[in-house]
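The values are calculated or read from the model by the stated rules, or taken from the named source; none is laboratory data. Owing to the predicted nature of the structure, the values given are computational and were not obtained by experimental measurement. Here Cβ is always computed from backbone atoms with ideal geometry, including for glycine, and neighbour counts include all displayed protein chains. Just the protein is used for accessible areas: all its heavy atoms, side chains included, with ligands, DNA and RNA removed. Shrake-Rupley method; radii C 1.70, N 1.55, O 1.52, S 1.80 Å.
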Amino acid sequence: VMLVLAGIPLFFLESAFGQFCSQGPINIWRAVPILQGVGVAMVMVTLIVSVYYNVIIAYSLYYMFASFQSPLPWSSCLNQADSNCSNTAFFITVLGVRITHSYKQAHIHTLVILLWLYSQMSLLLSRVALQRSSGLDETGPVVWHLALCLLLSSMIVAAALIRGIKSSGKVVYFTATFPYVVILILLIRGVTLEGARDGIEFYIGSQSNLTKLTEAQVWKDAATQTFYSLSIGWGGVMTLASYNNFHNNVFKDSFVVTLTNAGTSVLAGFAIFSILGHMAHIYKMPVGEVVKEGFGLAFIAYPDALSKLPISPLWSILFFFMLLTVGLDSQFAGIEVITTCLLDAFPKTFKSKRALLTITTSSILYLLGLPCITRVRLP
């Protein structure tokens with residue numbers, strides 16, 4: 001619904017603006033001087049997002065490299081684990097309250113019970129990968145292995161964009177299509193596992209909680225996902241459309257891109273929930289108990305589920321390589337927005353120095369990303 005009401009119309013609007021003007025977002029909005037700040041805001045948002053996308057790509061690289069081990073590092077308790085870590089799933093019942101989450105707080109009258117149940121995956125993320133401190137007041141040094149992964153991420157992006165849209169366009173032929181190969185492989189493997197049906201029914205089926213559609217938060221999340229996945233309001237659509245032929249059929253392109261994007265999300269959901277259903281089957285838990293959102297799904301729940309499969313390193317490598325390619329696509333668009341706006345603003349200065357501009361932009365984003373990989377624990 002949000003795709004039809006907001007996604008497709010706004011994507012078409014931005015694409016048409018970019019293709020007609022053949023300029024970046026800042027120059028486009030010069031047509032309406034009072035709204036020129038909208039273009040500046042788009043670039044600033046893209047700059048902020050590009051900083052942390054670079055960090056997410058670094059996480060993907062780290063986990064992909066860590067997956068070249070058998071067994072996987074998170075398939076059993078680590079040396080850094082404490083006595084709260086267990087290699088077997090277990091449950092605790094306190095006064096009739098069944099605790100199954102990694103952290104649950106139960107309020108019973110005035111009694112507050114805090115229970116910490118660490119999973120191996122959470123320990124790897126907190127103790128080894130992020131090396132989290134006790135709080136915001138303990139920033140600590142930069143985590144060196146993440147700094148190296150962040151550097152590699154910046155180098156890959158700079159190399160792909162060294163000649164602008166000419167070089168990135170060729171790279172995107174691979175990075176945009178490879179995730180479909182991985183999704184299909186994981187989907188075929190997932191639906192053959194025990195418990196996959198339960199996961200799919202939780203996703204789209206008898207176990208789905210359709211009453212959630214009456215909650216405003218669900219519609220807000222749907223709108224957020226639509227804007228995020230289509231890069232609406234960030235300047236990326238305008239920038240990439242500015243390289244189109246002036247007479248290109250932008251109306252058809254808008255429908256193809258938005259519907260393909262939505263279909264990909266649905267297809268990926270089947271691949272993810274089929275394997276999460278298998279994980280729930282192994283732990284003998286409801287699917288809803290093992291499902292996490294966002295960061296927790298990508299770096300805790302799903303990798304934990306993959307570690308339960310035969311040849312688990314292979315599936316883990318494929319999954320994190322897929323995350324890497326998806327992240328690179330988004331990062332390409334973000335940096336293209338920044339460099340295009342600089343080229344539009346200073347054409348005589350930067351036109352012959354495109355490669356230097358790209359390397360400088362990637363270097364600045366690397367430096368801005370370093371504070372994000374310190375040991376500070378965010379709330």
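Within straight cross-link reach of K212, meaning Cα distance under 17 Å, which lysines are found once same-chain residues fewer than 8 apart are removed?
Straight-distance partners of K212: K220, K292.
Tell me, what is the per residue accessible area of region 170-265 in Å², probe radius 1.4 Å?
Result: 61 Å² per residue.
Cross-link list K170/K351; K252/K351; K170/K252; K170/K353: which exceed 27 angstrom alpha carbon to alpha carbon?
In this structure, K252/K351 lie more than 27 Å apart at Cα.
Using a 1.4 Å probe on the protein chains only, how many percent of the accessible area of region 164-288 belongs to carbon and sulfur?
68
So what is the relative contact order of region 253-379, in percent, for Cα pairs below 8 Å that sit 6 or more residues apart? All intermediate terms of the calculation are to be shown ahead of the outcome.
Numbers: 41 pairs, mean separation 16.0, N = 127.
Result for region 253-379 is 13 percent.
What order do you get for 231-242, 43-54 when each peptide is scored by the mean count of other beta carbon atoms within 10 Å, highest first?
Numbers: 231-242: 24.7, 43-54: 19.1.
Those peptides, ordered most packed to least, come out 231-242, 43-54.
Using 0.36 nm per residue, how much length does the chain from M44 to T177 gain when fully extended, once their Cα-Cα distance is taken away?
45.0 nm
Extending each Cα 7 Å along its Cβ direction at W219 and A31, get the distance between those two points in nm, one decimal.
Spacing of the two 7 Å Cα→Cβ label points: 3.1 nm.
Name the residues whose placed amide hydrogens come within less than 5 Å of the amide hydrogen of T374, ignoring near sequence neighbours (fewer than 5 apart) on the same chain.
Residues meeting the amide H criterion: V143.
Show me, for region 22-29, the HN-Hα J-couplings you get by feeding each phi into the Karplus relation (A = 6.51, B = -1.76, C = 1.60, θ = phi - 60°), rounded to Hz, glycine and proline as x.
3J(HN,Hα) across region 22-29, in whole Hz: 6, 9, x, x, 5, 5, 4, 6.
Go through 349-355, 187-193 and give me the packing order, highest mean Cβ count within 10 Å leading.
The peptides rank, most packed first, as 187-193, 349-355.
So for each of 214-225, 248-259, 334-345 I average, over its residues, the number of other beta carbons within 10 Å; can you give me the resulting order with the highest mean first?
Peptide ranking by packing, descending: 334-345, 248-259, 214-225.
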